[in-house]
């Protein structure tokens, strides 16, 4: 069963538009961790954020923000005022008690100038 | 921050030969290392988990005799693709974990088997 669902396969926006990437997860554990990673065309994974299940506070880091809602098992990611450099594949991931990362299918974001 | 070095970045090999990929944690000791495989436009699929000094644990469907993993020290894990075939061509990424949830990824290895 898919533990992490990223329903959006591709999103294309014009520069300066906001982009929201959805992530829905499934777990029976009470303690778990959620992650977002960026994968640019070069292939390396860039860590963006880690959030544990006990911390539902939303977070903002520059143009990035995250909305964690346990009630809906969602951990959505918003890029404000998108830039061409934001073009990449973004992965949401879940780490449960077994401490292995389960990745979603990824969302390809294309920002056009 | 933590750094994981993965080599080579890319490799082309002939069908039937073996290829070794190295994953090294440079500034920390990794309690566990993970190997992933990623086909074009797909997600990362975990192949195996390895702990220093013990046998790797392979995910269902991954051939352990084909993908040999050696985790000889707390800073080095290697993945050897034995008797490689064109269908093994993929992007392989390692990850080293320090503590329970601090995952650091290597830059990946693009393997092409011709």
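Every number here is computed from the coordinates shown, using simple stated rules; none is lab data. All values derive from a computational prediction rather than experimental measurement. Positions of Cβ are generated from backbone atoms using ideal geometry, with glycine treated the same way; all protein chains shown enter the neighbour counts.
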Checklist entry - Please state the relative contact order of chain B as a whole percent: Cα pairs under 8 Å, 6+ residues apart? => result 38
Item to check | For the stretch A:8-38 versus the stretch B:28-83, the gap between their alpha-carbon centres in whole angstrom | outcome: 26
Checklist entry - What is the average number of partner chain Cβ atoms found within 10 Å of a Cβ in B:95-105? => result 4
Checklist outcome for this item: Most exposed to least, judged by fewest other Cβ atoms within 10 Å, A:68, A:47 sort to A:47, A:68
Item to check | Centroid-to-centroid separation of the stretch A:56-113 and the stretch B:1-27 [C-alpha atoms, Å] | outcome: 28
Item to check | Contour excess over end-to-end distance, with Cα ends at residue B:29 and residue B:80 and 0.36 nm allotted per residue | outcome: 16.2 nm
Item to check | Spin-label model distance (nm) - residue A:84 vs residue A:29, 7 Å beyond Cα toward Cβ | outcome: 4.1
Checklist outcome for this item: A correct fewest-to-most ranking of A:24, B:4 by other Cβ atoms within 10 Å would be A:24, B:4
Item to check | Residue-averaged beta-carbon neighbours from other chains (10 angstrom radius) around B:43-53 | outcome: 3
Checklist outcome for this item: Checking rank on A:14-21, A:76-83, with mean other Cβ inside 10 Å and highest first, the result is A:76-83, A:14-21
Next on the checklist: I need the calculated FRET efficiency for the pair residue A:10 and residue B:20, taking r as the beta carbon distance and R₀ as 35 Å, to the nearest 0.05.
Outcome noted: 0.50
Next on the checklist: Test of understanding: ordering B:43, B:5, B:15 by Cβ neighbours within 10 Å, fewest first, what list do you get?
Outcome noted: B:15, B:5, B:43
Checklist outcome for this item: Dividing the mean separation of Cα pairs under 8 Å (6+ apart) by the residue count of chain A yields a relative contact order in percent of 38
